[in-house]
Amino acid sequence: MARDTKPATSEAGKKRQQPRAKGAPTRRNPASSTNSGRYTKPTPRSLRRSGRWHGATVLILLVVGVLLVVLNYLTVLPGAVSTWYLVAGIVCLLVGFAMATRYR
């Protein structure tokens, strides 16, 4: 009593082929997939370099930001304690950090 190991297939189990639009890329023709606009060539490594001023600007902004916050806390800056010194220090820190994330 040998069993038939072949699974039963029916018409309902088959996938329906949908008609493609004219000029639509297919899996068999990868050359037409470049026309879809989805592929972007990577930029060369030589173009990804930051300017020499970028690193110095990041360091200056971070140091000035820390100094403004600390000196405001120690009441060394003219005009006593001011929220504007604190705001300027935090802005310098945020801009320096944002620039540091873009450094290459």
Residue by residue through the range 89-104, what is 3J(HN,Hα) from phi via Karplus (6.51 cos²θ - 1.76 cosθ + 1.60, θ = phi - 60°)? Round to whole Hz and write x for glycine and proline. x, 5, 5, 4, 5, 5, 5, x, 5, 5, 5, 5, 6, 9, 6, 10
Search the structure for amide H atoms under 5 Å from the amide H of Ser82, placed 1.01 Å from N in the peptide plane, and list their residues when 5 or more places away or on another chain. none
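Sort 80-88, 62-70, 93-101 for me by packing, meaning the mean count of neighbouring Cβ atoms within 10 Å per residue, highest on top. Each step should come with its number before you reach the end.
On the way: 80-88: 12.4, 62-70: 16.0, 93-101: 14.1.
Listed from highest to lowest mean packing, they are 62-70, 93-101, 80-88.
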Around Leu59 (Cβ within 15 Å, Cβ-to-Cβ, excluding Leu59; K/R +1, D/E -1) the net charge comes to +2
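Quick note: the coordinates plus some simple rules give every number you see, no bench work behind them. All values reported here derive from a predicted model rather than from experimental measurement. Methodologically, a virtual Cβ is constructed for each residue, glycine included, from the backbone with ideal geometry; neighbour enumeration extends over all protein chains shown.
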